[in-house]
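Accompanying notes for the structure given below.
Quick note: the coordinates plus some simple rules give every number you see, no bench work behind them. If you're wondering where the values come from, they're calculated on a predicted model, not measured in any experiment. Note: ideal-geometry Cβ built from the backbone for every residue, glycine included; neighbour counts use all protein chains shown.
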């Protein structure tokens, strides 16, 4: 009830945007177009789910874009050097392991030292980007057509209709919403984000929770990286630039407070959808890409301004 | 108390009223301040003190009533007007730039300059002269960085800044709430000197002690109305308290009778960075009070026992069993609860609801896996609210919106869902009004009667002496003397604490 009430402005904004673009693009609300839209939103939404947890814990993770590229290249590297079908069984865990390792590093630094998360993840962003560029001299790594299963991750459609990335995104959304809104871990997270010191005094495992938050965020980046590589039919070491900023934008448009402790997974999903509609709509309406940036910037500013005013 | 002198008072408020959306914050305040007077304004939280300050400071415009300065009616429509009327408000939270020097802070925003450049030399000379003229010798090193000063001296800087801007009416909002006994004394000495120079001061407090020591007159505010004014030469405390709460309360706390049985907590040779070998025991059904000055290391002792600060040595036993405590979780599992000294920084998640805060320690009771049980959660909250008489309109409201006393009651009460063996209370009545204080004492009393062992840390000597069964006098990370409470008086404890008598 209260959640719905809080989400209402976002839902209204989403519907309004859909209707506005329907005026300029008559086919905008066609089911095919909407499914495309959902597909295009998936990667940013998945990144934003992880980012929500980090921002709720008063942190920030700038490394997810670069990590997305690194996990993509790592996975495809193992995919192409190993033998099918064993390649897939090795490649996916390897990719996720790299992601988890970076998450662990971010989390340990953030929870155990007094280094600011902004700086920590700025550094690990560079490290991840550099590591990704080590593969294949920084050139794209093609995925052979024989890797049907992996290619289906980004390009398949369930029953020929629903894109697989959308399914993965919705599944991850359900998991993350349950994790945040229905478990002790979620309560710990809100307490830490609201007042880290008080959480510690209440006996909450602050360090463990914080580390876990960064690990989950990195794993999300890893999964997104695999989908991204699959969609491109190749792993591109230079891909994912600015993805972290789009994810952060989805999170804050979704109403999560940048000072931690306030926000929901539902809001983030809506935030990602709104940004996705804006992207696709402006594109299809034929707005010049330079103007698209300016409009998106203005929308983010407006959304956060409204949120700050409402919180008062 | 009207004087028939020709000179009008410095400030006179008549029938000041202010309401917000139908709620009367001020419902008729009459108040008078003479030049060279310290006039205390006393009242419980919510009595309207803050609103009155904001009216004087130009933040709120009164709905009715008049403000008369030097016999002339004025209208204060903003901070600039307040400045021009010579009114300056010294808030609890100081507004100094800690990285700048005393002189730079005094002249912040009004720096003397020459050819568009900052004229440091003139600024330091002016600052030195100002401080000397005011007799504020404590801050005569005007080149010192403000962050190096004690809180009391920082307040003097704030006052000097106000007076350098030709303020004649100072409003001091609970200036001693963060000060130790010695610092308070230093501040009072400085305020008395300013008084002799003709500065009028409105001194807001809820400590009766301070009024007798410092003020010339006291006016009590209750429910937005000025109830009465007394001179302090023959202060009638019982009447003041009756004015404040609108009913009769005992000025002195009731000490729960000791039901001391077996030792609940035994601490032997505890050492940490600021604790140098502390040994004591608290038995079930008794209160052990720790008397000491602010900064004596009592909170650090509590933090070490509770596993917040690393322990360098010593032994802790709960109910005779030795326990190893590496963090708050271990302490809680061993049956020790600490209610920390700073409610807002260490106790509450202010942005969250009453329910969230009340049920945070007991997540296991209402969440299994990914199945939260909201009705069980509601039961926990309602039990705490009912048992401890916490005034809450809706358990879903943010804890922020509760008064300090109710917040504190919740902080103590929430642990009683599963009562611990040992309850350590660090400054449980700081920033809490008189009525809520009594209620908190009653809660502590009933907990002790039910067999809990309570460690009470308080900087209010009267509180420690009157509430505890036994008292430990604590200084510099050590217990100087520990005995039954009736073996001590305030004087003997103060002598121990200030070192005028060997332990």
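Table for the structure above
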{"item": "Relative contact order %, chain B, counting alpha carbon pairs below 8 Å whose residues are six or more apart", "result": "15 percent"}
{"item": "Rounded FRET efficiency, nearest 0.05, which uses the C-beta distance separating residue B:147 from residue A:301 and R0 of 41 Å", "result": "0.70"}
{"item": "Rough spin-label spacing in nm, given labels placed 7 Å along Cα→Cβ, for residue B:495 and residue B:374", "result": "6.3 nm"}
{"item": "Calculated P(r) of the protein assembly as shown - Cα pairs past 42 Å, %", "result": "47 percent"}
{"item": "0 to 90° range, to nearest 10: angle between helix B:434-449 axis and chain B longest Cα axis", "result": "10 degrees"}
{"item": "Whole-angstrom gap from the range B:445-494 to the range A:83-156, using each part's C-alpha centre", "result": "59 Å"}
{"item": "Extended-chain gain in nm, criterion 0.36 nm per residue less alpha-carbon gap, residue A:4 and residue A:233", "result": "78.5 nm"}
{"item": "The protein assembly as shown, helix-only ellipticity at 222 nm - DSSP H runs n ≥ 4, -39,500 (n - 2.57), divided by all residues, nearest 500", "result": "-15500 deg cm²/dmol"}
{"item": "Efficiency of FRET from Cβ geometry, residue B:7 and residue A:115, R₀ 45 Å, rounded to 0.05", "result": "0.10"}
{"item": "Prolate/oblate/rounded call for the range A:174-220, Cα gyration tensor, a/c under 1.5 rounded", "result": "oblate"}
{"item": "Shielding by partners, peptide B:316-329 (average Cβ within 10 angstrom, other chains)", "result": "1"}
{"item": "Footprinting exposure proxy for B:418, B:24 (fewest neighbouring C-beta atoms within 10 Å first)", "result": "B:418, B:24"}
{"item": "Top of A:169, A:115, A:226 by mean-square fluctuation, Gaussian network on chain A, Cα under 10 Å", "result": "A:115"}
{"item": "Cα gyration tensor shape of the range B:143-288, rounded if a/c is under 1.5, else prolate or oblate by comparing a/b with b/c", "result": "oblate"}
{"item": "Per-peptide average of other Cβ atoms within 10 Å, ordering B:360-372, A:175-187 highest first", "result": "A:175-187, B:360-372"}
{"item": "Rg [Å, one decimal], Dmax [Å, integer] - the range A:82-235, C-alpha atoms", "result": "18.3, 56"}
{"item": "Helix axis angle, B:374-387 relative to chain B longest principal axis, alpha carbon, degrees", "result": "70 degrees"}
{"item": "Gyration tensor verdict on the range B:118-178 (Cα atoms; rounded if a/c is under 1.5, prolate if a/b is larger than b/c, oblate otherwise)", "result": "oblate"}
{"item": "Computed over the range A:64-159, the ratio Rg/Rh where both radii use C-alpha atoms and Rh is Kirkwood", "result": "1.06"}
{"item": "Gained length - residue B:177 relative to residue B:132, 0.36 nm times residue gap less alpha-carbon distance", "result": "13.5 nm"}
{"item": "Approximate spin-label separation residue B:276-residue A:291, in nm, with each point projected 7 Å along Cα-to-Cβ", "result": "7.5 nm"}
{"item": "FRET E, pair residue B:365, residue B:315, Förster distance 25 Å, beta-carbon r, rounded to 0.05", "result": "0.20"}
{"item": "Degrees, to the nearest 10: B:120-134 long Cα axis against longest axis of chain B", "result": "80 degrees"}
{"item": "q = 0.17, 0.18, 0.19 Å⁻¹: log10 I(q)/I(0) that the Debye formula gives for the range A:34-116, counting C-alpha atoms only", "result": "-0.82, -0.88, -0.93"}
{"item": "Stokes-Einstein D in µm²/s, Kirkwood radius over Cα pairs - chain B at 4 °C with 1.567 mPa s viscosity", "result": "52 µm²/s"}
{"item": "Reference-scaled alpha-carbon Rg (2.2 N^0.38 Å with N residues) for the range B:342-419", "result": "1.02"}
{"item": "Pairwise centroid distance, computed over Cα atoms, of the range B:350-381 with the range B:9-67, Å", "result": "42 Å"}
{"item": "Rg/Rg_ref, the range A:35-311, where Rg_ref = 2.2 N^0.38 Å and atoms are Cα", "result": "0.99"}
{"item": "Residue with peak Gaussian network fluctuation, chain A [Cα springs, cutoff 10 Å], from A:26, A:165, A:140", "result": "A:26"}
{"item": "Among A:195, A:106, A:155: highest mean-square fluctuation, GNM of chain A, C-alpha pairs under 10 Å", "result": "A:195"}
{"item": "Inter-label distance, nm, simple model (7 Å from Cα along the C-beta direction), residue B:14/residue B:189", "result": "4.2 nm"}
